[in-house]
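Below is one structure, written out as structure tokens; the observations come after it.
The values are calculated or read from the model by the stated rules, or taken from the named source; none is laboratory data. The shown structure was predicted, so the numbers you read here are calculated from the model rather than taken from an experiment. In this analysis, Cβ positions are derived from the backbone assuming ideal geometry, glycine residues included, and neighbour counts consider all displayed protein chains.
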Amino acid sequence: MSTPQTNTETTHTEGHGDISTGMAAPMGGGDSSASATRITPGNALRPEDIALEVRTGLAKPTEDVAEYALRLGDDALILAQRLGHWISRAPELEEDIALGNIALDQLGHARSFLTYAGAAMTNDDGTPKSEDDLAYFRREHEFRSVQLFEQPNGDFAATIARQFVVSYYQFELYRRLTESTDATLAAIAAKAVKEVDYHRDHSAQWILRLAGGTDESRKRMIHGLRTMWPYVGELFRDDDLTARLAEAGAAVAPSSLKEDFDRLTGEVLEEAELEVPDVPVAPGGGREGRHSEHLGYLLAEMQVLAREHPGASW
Amino acid sequence: MAAQNLQSVPAEPAANQAQAQAAQQEADAAGQAHFDRVIAEDSRIEPKDWMPAAYRKTLLRQVSQHGHSEIIGMQPEANWISRAPSLKRKSILMAKVQDEAGHGLYLYSAAETLGQSRDKMMDDLIAGKARYSSIFNYPALTWADMGAIGWLVDGAAICNQVPLCRASYGPYGRAMVRICKEESFHQRQGFEILLELSNGTAAQKQMAQDAVNRWYAPALMMFGPPDDDSPNSKQSMAWNIKRFSNDELRSRFVGMMVEQVRVLGLTLPDDQVRYNEDTKKWEHGPLDWHEFQEVLAGRGPCNAQRLERRREAHDDGAWVREAAAAYAAKQLNKQKEYAA
């Protein structure tokens, strides 16, 4: 791919503290002192900060980076929309809070990625597309999320199975993205990876509990994993875009995450005395805008109010 | 002697029953004296302190109802999480409903210190035996309701709850401190939603006014029946649980709303709001207390829906809770075997 256009020099010297703090970390990415659970004003990277950098021209992704950010943003947005449904419906109050928290984290990542992606895309009036332009005014085939994220919540075990796959995948991805040559991607990943680490812990603990709890829960856990596993393969599929970005050091090839993903999820499954589901792989296609039947309903609900009042601000 | 030690006077053999009874009476008298002194000093009663049975019962009812209100109160707002019109609003709304689950947890925990388990409280709620604030039996029909609920409902809740931070029962008062901080943020976000709508398109402004019109009277009724029809208030005030009367708090709330609604560029659906120079209190138009009683008795617009939703979540989650308990028990056994 082409060299990222984000001017890291400018970000260092004139950018607001957040992103530049992130880039000053020793590994070239992320603010290692930020906490996932404590509000750290001045350090926590907010979507509004990225929007500011976009407006002032400090952050401008290449077309490739923008397309890539759109993919990751859509993954997180669709998952947040799914998880939000659990709030007030979870098996215990503690899980209303936990799943709500994970949904909020994902929504935060989505907002950052989409804001950044929008910087390389323009509305009819020439302004950059905002996170809301992208979330509310694109149609089904314009979404770039892989199909795993739009899979229905199912029962709690199915949701945990999806969380298990997603959190281990996102952790491997974001961990590597903190070293991206694109300063903004690296900064978003640096914040996200800490949060996703907790998501891993949450899902792994529930895999163990449900698999080792009662006969009923074990049966449901196995079923949940079998329901989600056909969509795992798509996460690790390379294409021209990821090849170009990986070559330039701005992103990582999805296929390169698979070995660690297999090993780490394998360890949890082994402890839970579960097997990796032996199910046929679905063809996927979300990155090219080919989705399952489920996404249309999800978007219809998510977008309805915004589309009733085009141009309104909220 | 510390009051908490008085409660655990060991049972005496049968031969000494009379003596034991006398000891118990003495302990109760000492406990009562300690309790009275704490109340007179406006200090705090803690879980292990002796307390009158009626005080315990009143508090348990109030704190558990408060907890139930938080949990049921998640539903009208959760109803708009999936449709929030911007990602920022979605994020704020999710965090708010999540806060309410947290409030429910603190309050149930505070209630547990009075001797009732969370399971029992949840069972009572689902069985329709326990009450919760009747406000949550009204439907959240439009996005503007997220604003009106935050501004009016959370606003009324804050008026009610700030004085509860000084409630004589320690765990309740302390829980309220944190809850009030979060509620105050909730109210501001509700106000901000309405302000944005009011300054938006004509359709948005109308949506905001409609929501204020629908939530105003139910919010005023959140303070409870008029003082001359509120039998429990007097005792609660004597125990330093309640600090101000229902009407006093309602009047204060109306005064606050009168100022704020002007900033919003909206109106209150009440042409009888006025400041009474003689009593130095804000007055409002008549409220439909028959409707209040009807909703309280289970005949409100959403009573059946709210309870069914809670019941469904509880029943659907039963296998998960059983699995977690079974797993924890197995782990404990493994540890014991390992240790042996």
List the number of the failed condition for B:Arg299; all other conditions in (1) surrounded by fewer than 18 Cβ atoms within 10 Å (Cβ to Cβ); (2) among the charged types (D, E, K, R); (3) part of a helix (DSSP H, G or I) hold.
(3)
Hits in segment A:136-174 - residues which are within 14 Å of chain B (Cβ to nearest Cβ) and in a loop (DSSP other than H, G, I, E, B)
A:Phe137, A:Arg138, A:Pro152, A:Asn153, A:Gly154, A:Asp155
Being closer than 16 Å to B:Lys96 by Cβ and in contact (Cβ under 8 Å) with a residue 40 or more places away in the chain is the filter here; which residues of segment A:106-121 pass it?
A:Gly108
Can you tell me which of A:Val193, A:Val146 is in contact with an Asp or Glu (Cβ under 9 Å, 6 or more places away or on another chain) and touching a residue at least 40 places away in the same chain (Cβ under 8 Å)?
A:Val146
Of A:Arg111, A:Arg89, A:Arg71, A:Arg82, which residue is facing chain B (nearest Cβ under 9 Å) and either assigned to a helix (DSSP H, G or I) or among the aliphatic types (A, V, I, L, M) (or both)?
A:Arg111
In segment A:154-191, anything under 29 Å from A:Val304 (Cα atoms) and over 17 Å from the mean Cα position of the chain (by Cα) is listed as A:Gly154, A:Asp155, A:Phe156, A:Ala158
Inside segment B:53-77, the number of residues satisfying the requirement of being under 19 Å from B:Asp99 (Cβ atoms) and over 14 Å from the mean Cα position of the chain (by Cα) is 3
Within segment A:118-135, the count of residues that are among the aliphatic types (A, V, I, L, M) and more than 13 Å from every other protein chain (Cβ to nearest Cβ) comes to 3
Can you confirm whether segment B:318-336 contains a residue that is touching a residue at least 60 places away in the same chain (Cβ under 8 Å) and under 26 Å from B:Asp124 (Cβ atoms)?
no
When you scan segment B:44-151 for helices (runs of 4 or more DSSP H) that lie fully inside it, which ones turn up with 3 or more residues that are in contact (Cβ under 8 Å) with a residue 12 or more places away in the chain and more than 14 Å from chain A (Cβ to nearest Cβ)?
B:53-78
As an exercise: evaluate B:Pro171 against (1) over 15 Å from B:Leu59 (Cβ atoms); (2) at pLDDT 95 or above and give the number of the one condition it does not meet.
(1)
Just to be sure, is B:Arg310 touching a Ser or Thr at 6+ places or on another chain (Cβ under 9 Å), at pLDDT 95 or above, at negative phi and not small (Gly, Ala, Ser)?
yes
